[in-house]
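Student: Mind having a look at this structure? Questions to follow.
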Amino acid sequence: MRTSDIYLRSIGVHLPPVVSIETAVAEGRYPADEMEYFRLGGAAIAGDVPAPELALRAARHAFERSGGMSPRELDLMLYADVWHQGPEGWQPQYYLQQHLVGGDVLGIEVRHGCCGLFSALQLAAGYLRPGGTALLVGADNHGTPLVDRWRMIEGNVMGDAGCALLLTTDTGFAQVLSVNVVVLPEAESVNDGGVPMFPPDATVGRPLDFAARNREFRKRLFDRDGSEIMLAIQTTLMELVDRTLKEAGITLDEVARVAFPHGRWDDLEHRGVNWFGLTLADTTWEYGAGIGHLGVSDQFVALDHLLADGALARGDYVLLIGLGAGTTMACAVLRILDLPQEYASDGPG
């Protein structure tokens, strides 16, 4: 989807303190024999701070950086997440409406896996009219009894964060040139683990173990010549990136930095950057390895980090790539128009 007059006004981030891999090993939470190979630094851990509170803090941070925008000016608020947010039968966007934006704005929860903020970005780009503004928020706290953040995904750990994007149709420090989200339905069962759909996991206390589920999925696939599906995932992602770059009017050679999901370095190197002729140094992998996979927020927290770290300049193009259950794939291209003053004085909130 080629976007027209959609700008990123500000980014807000709330990243909790990081617990190091060394601490996790010393506490018996992370396997010591995996430290050297997987090269992880740690995970941002929110403790008992609810995910909607992480979202609220990030949203306030975005408005603080917005140059005077008011929460009451919003036309749309989309709240993306992957993990449980609060009481069953309750929706997390209500918390932000109560404490920040009020009830007049259309507020909707978006459940689209780890690509949720990309989906929110595409929805907002299609919804906003001239003069419109939108708040996109993503937040997850994985520190619950049904998740072992240190072992749930082989070669990776789960972090917590809140992230907020303020979009406008008139001006901003970055322009969204194109965004696309696609699904490969034949890979729908990648994360189901072969367990029953009913009753749902959380209602019976069944833990979420993606490592075990992915092993089970691969076994099922290759028992049935599933290599075709794995090849289709690769092909679909490459076609998606190519289409998104063409819609943005650029080539991959013109991209300054690429943000992938925070994941295993070997997966990224052998089944990610190599496909596009990149290296790990072209990506935000090292930063992500230090804070963990944040659910919906990886690429946008990494973008904030690139800006704060001085890694981007005016005129640079940034490519954001998402992967999620479904199998869902997402891609967006942004052009940096200006470097906001706040990045010279502060880092992520």
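The values are calculated or read from the model by the stated rules, or taken from the named source; none is laboratory data. Because the structure is predicted, anything quoted here is derived from the model rather than measured. Using ideal geometry, Cβ is built from the backbone for each residue, glycine included, and neighbour counts are taken over all protein chains shown. Protein only, heavy atoms only, side chains kept; ligands, DNA and RNA dropped before computing areas. Shrake-Rupley method; radii C 1.70, N 1.55, O 1.52, S 1.80 Å.
Student: Compute, for Arg271, the solvent-accessible surface of its heavy atoms (probe 1.4 Å) with the complete set of protein chains present, and express it in square angstrom to the nearest 10.
Tutor: Ignoring ligands and nucleic acids, Arg271 comes out at about 120 Å².
Student: Then there is this: Which ³J(HN,Hα) values in Hz, rounded to whole numbers, follow from the phi angles of the range 102-115 under the Karplus curve 6.51 cos²θ - 1.76 cosθ + 1.60, where θ = phi - 60° and Gly and Pro get x?
Tutor: So the J values, rounded to whole Hz, are x, x, 7, 7, 6, x, 9, 7, 10, 10, 9, x, 6, 9.
Student: Quick one: ranking Met238, Met152 by accessible area, 1.4 Å probe, largest first, what do you get?
Tutor: Values: Met238 70, Met152 5 Å².
Sorted descending by solvent-accessible area, the residues read Met238, Met152.
Student: With the other protein chains left in place, how much accessible area per residue, in square angstrom, belongs to the chain at a 1.4 angstrom probe?
Tutor: On the way: 14860 Å² over 349 residues.
Per residue, the chain has an accessible area of 43 Å².
Student: Hydropathy at least 0.0 by Kyte-Doolittle, axial extent at least 27 angstrom from the Cα trace: which helices of the chain, defined as entire DSSP H runs, fit? Intermediate results must be reported in sequence, preceding the final value.
Tutor: Details: long enough: 227-248 (32 Å, 0.32).
Qualifying helices: 227-248.
Student: Sticking with this structure for a sec: Tell me, what ³J(HN,Hα) does each residue in the range 275-289 have, in order and in whole Hz, if you take phi through Karplus 6.51 cos²θ - 1.76 cosθ + 1.60 with θ = phi - 60° and put x for Gly and Pro?
Tutor: Per-residue couplings from phi come out as 4, 9, x, 9, 10, 4, 5, 7, 10, 9, 4, 4, 5, x, 5 Hz.
Student: Under unit Cβ charges (Lys, Arg +1; Asp, Glu -1), what dipole magnitude, rounded to 20 debye, does the range 46-121 have relative to its Cα centre?
Tutor: Working: 5 positive and 9 negative charges, 36 e Å.
That gives a dipole near 180 debye.
Student: Let me know the whole percent of all Cα-Cα pairs from the range 1-141 that are separated by more than 20 Å.
Tutor: On the way: 5300 of 9870 pairs.
Cα-Cα pairs of the range 1-141 separated by over 20 Å account for 54 percent.
Student: Putting +1 on Lys and Arg Cβ atoms and -1 on Asp and Glu Cβ atoms, find which of Val157, Gly116, Val147 reaches farthest to the positive end of the dipole of the range 105-169.
Tutor: Gly116
Student: Estimate the FRET efficiency between Leu337 and Leu252 by the formula 1/(1 + (r/R0)^6), using the beta-carbon distance for r and 25 Å for R0, to the nearest 0.05.
Tutor: Details: r = 21 Å, r/R0 = 0.82.
E between Leu337 and Leu252, to the nearest 0.05, is 0.75.
Student: Taking a probe of 1.4 angstrom, what is the accessible area of His142 in Å², to the nearest 10?
Tutor: About 10 Å², ignoring ligands and nucleic acids.
Student: Using a probe of 1.4 angstrom, how much of the accessible area of the range 1-73 is carbon and sulfur, in percent?
Tutor: Working: 1670 of 3510 Å².
Answer for the range 1-73: carbon and sulfur cover 47 percent of the accessible area.
Student: Answer with a single label: of (i) 19.3, 58; (ii) 35.0, 126; (iii) 20.5, 68, which was calculated as Rg and Dmax of the Cα atoms in Å from the structure in view?
Tutor: Comparing each candidate, only (i) matches the computed number.
Student: Determine the shape class of the range 241-316: with a ≥ b ≥ c the square roots of the Cα gyration tensor eigenvalues, call it rounded for a/c under 1.5, and otherwise prolate if a/b is greater than b/c, oblate otherwise. Display every interim value, and only then the final one.
Tutor: Details: a/c = 1.72, a/b = 1.18, b/c = 1.46.
The shape class here is oblate.
Student: While we're here: Out of all DSSP beta bridges with both ends in the chain, state the antiparallel percent to the nearest 5.
Tutor: Numbers: 39 of 57 bridges.
For the chain, the DSSP antiparallel bridge percentage is about 70.
Student: What value, in deg cm²/dmol to 500, does the helix sum -39500 (n - 2.57) over DSSP H runs of n ≥ 4 give at 222 nm once divided by the residues of the chain?
Tutor: Calculated mean residue ellipticity at 222 nm is -8500 deg cm²/dmol.
Student: Report the chymotrypsin sites (Phe, Trp or Tyr not before Pro) located in the range 15-91 that are in a DSSP loop and have at most 15 other Cβ atoms inside 10 Å of their Cβ, or state none. Could the numbers behind the result be given before it?
Tutor: On the way: sites: Tyr37, Phe38, Phe63, Tyr79, Trp83, Trp90; in loops: Trp83, Trp90.
Counting only loop positions with at most 15 other Cβ atoms within 10 Å, the chymotrypsin sites (Phe, Trp or Tyr not before Pro) in the range 15-91 are Trp90.
Student: Name the GluC sites (Glu not before Pro) in the range 1-77 that are in a loop by DSSP and that have at most 15 other C-beta atoms within 10 Å, would you?
Tutor: Working: sites: Glu22, Glu27, Glu34, Glu36, Glu53, Glu64, Glu73; in loops: Glu27.
Hits after loop and neighbour filter: Glu27.
Student: Can you find, among Leu74, Leu54, Gly12, the residue sitting farthest towards the positive end of the charge dipole of the range 1-101, where Lys and Arg contribute +1 and Asp and Glu -1 at Cβ?
Tutor: It is Leu74.
Student: Placing unit charges on C-beta atoms (Lys and Arg positive, Asp and Glu negative, everything else neutral), compute the dipole magnitude of the chain about its Cα centre in debye, rounded to 20.
Tutor: Approximately 440 debye in magnitude.
Student: With label points built 7 Å along Cα→Cβ from the Cα atoms of Asp309 and Asn214, find their separation and express it in nm.
Tutor: For Asp309 paired with Asn214, the spin-label model returns 2.2 nm.
Student: Next question. With only Lys, Arg, Asp and Glu charged, each at its Cβ (+1 for the first two, -1 for the last two), find how big the charge dipole of the range 208-349 is about the Cα centre; round to the nearest 20 debye. Write down the numbers at each step before the final one.
Tutor: Numbers: 13 positive and 22 negative charges, 106 e Å.
Dipole size: approximately 500 debye.
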